[in-house]
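Working notes, beginning with the structure itself.
The values are calculated or read from the model by the stated rules, or taken from the named source; none is laboratory data. Computed from a predicted structure; not experimentally measured. All Cβ positions, even for glycine, are placed from backbone atoms using ideal geometry, and neighbour counts span all protein chains on display. Accessible surface is based on the protein model in full, side chains and every heavy atom, while ligands, DNA and RNA are left aside. Shrake-Rupley method; radii C 1.70, N 1.55, O 1.52, S 1.80 Å.
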Amino acid sequence: MVKELRPSGIKSISRIPWGTHFGFFYHTQTELFKIVVPYIKAGLGNNEYCLWITSSPEESARAQAELRKVVDWDKYARNNQIEIRDYRNWYLTAKKIQPAAVLKKWLQKTADARRRGFAGIRVTSATSWMRDKDWPKFSRYEREINENIAGKNILLLCSYRLGRQ
């Protein structure tokens, strides 16, 4: 069986199959945007629903500003093809991480996007908001994601900030 490959938008990674969950490390917000903006742009250009989960409201505003430089933001927003959310509105339910609830949201977003005519969903998610105590639960969540997105029309890019305080 040949897997459909999607353009990643990332220079060092040409094409990736649906169900890919991968990550990268960065030091500065400029490095983050250098990877994530072309990744999202590629998804928008290939009829994918794109969701960017940021680590702060300020990062959300800058993400939108950076995307506006390279895509017709208003067109994609009118088509409900792009969404930028702060992590608190995605990961934290009852002020804590609930992996099963988050996984359910990913799968529901994918089904909704497919029903609306999109090829699938492309997600990028920042992790710099997490505290040390969050990592064990988040690591279990990451394993569950790997197991549950295989073969589904989801691409998930996670970013990990180096040297975070």
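Using 25 Å as the Cα-Cα cut-off, could you pick out the over-long pairs in LYS75/LYS104; LYS3/LYS41; LYS34/LYS75; LYS105/LYS152; LYS41/LYS105; LYS11/LYS109?
The pairs that break the limit, which is 25 Å between Cα atoms, are LYS75/LYS104; LYS11/LYS109.
Once you put a point 7 Å from the Cα of ALA101 and another 7 Å from the Cα of LYS3, both along the Cβ direction, what distance in nm separates them?
Placing both labels 7 Å along Cα→Cβ, they lie 3.1 nm apart.
Under unit Cβ charges (Lys, Arg +1; Asp, Glu -1), what dipole magnitude, rounded to 20 debye, does the chain have relative to its Cα centre?
For the chain, the charge dipole is close to 220 debye.
Hey, what do the phi angles of the range 14-19 turn into as Karplus ³J(HN,Hα) couplings, whole Hz, using 6.51/-1.76/1.60 and θ = phi - 60°, x for Gly and Pro?
Couplings: 5, 10, 9, x, 3, x Hz.
So who's got an amide H within less than 5 Å of the one on SER8, skipping anything under 5 residues away but keeping other chains? H placed 1.01 Å off N, in plane.
ARG15, ILE16
Given the whole protein assembly as supplied and a 1.4 Å probe, what does the accessible area of ARG15 come to in Å², nearest 10?
Spelled out: ARG15, probe radius 1.4 Å, area about 130 Å².
Put +1 on the Cβ of each Lys and Arg and -1 on the Cβ of each Asp and Glu in the chain; which of GLY151, TYR26, LEU162 then has its Cα farthest toward the positive end of the dipole?
GLY151
Quick check on the chain: what are the equivalent-ellipsoid semi-axes from the Cα gyration tensor, as sqrt(5λ), descending, whole Å?
22, 19, 16
Run the helix sum for the chain: -39,500 (n - 2.57) per DSSP H stretch of 4+ residues, divided by residue count, reported at 222 nm to the nearest 500 deg cm²/dmol.
-13000 deg cm²/dmol
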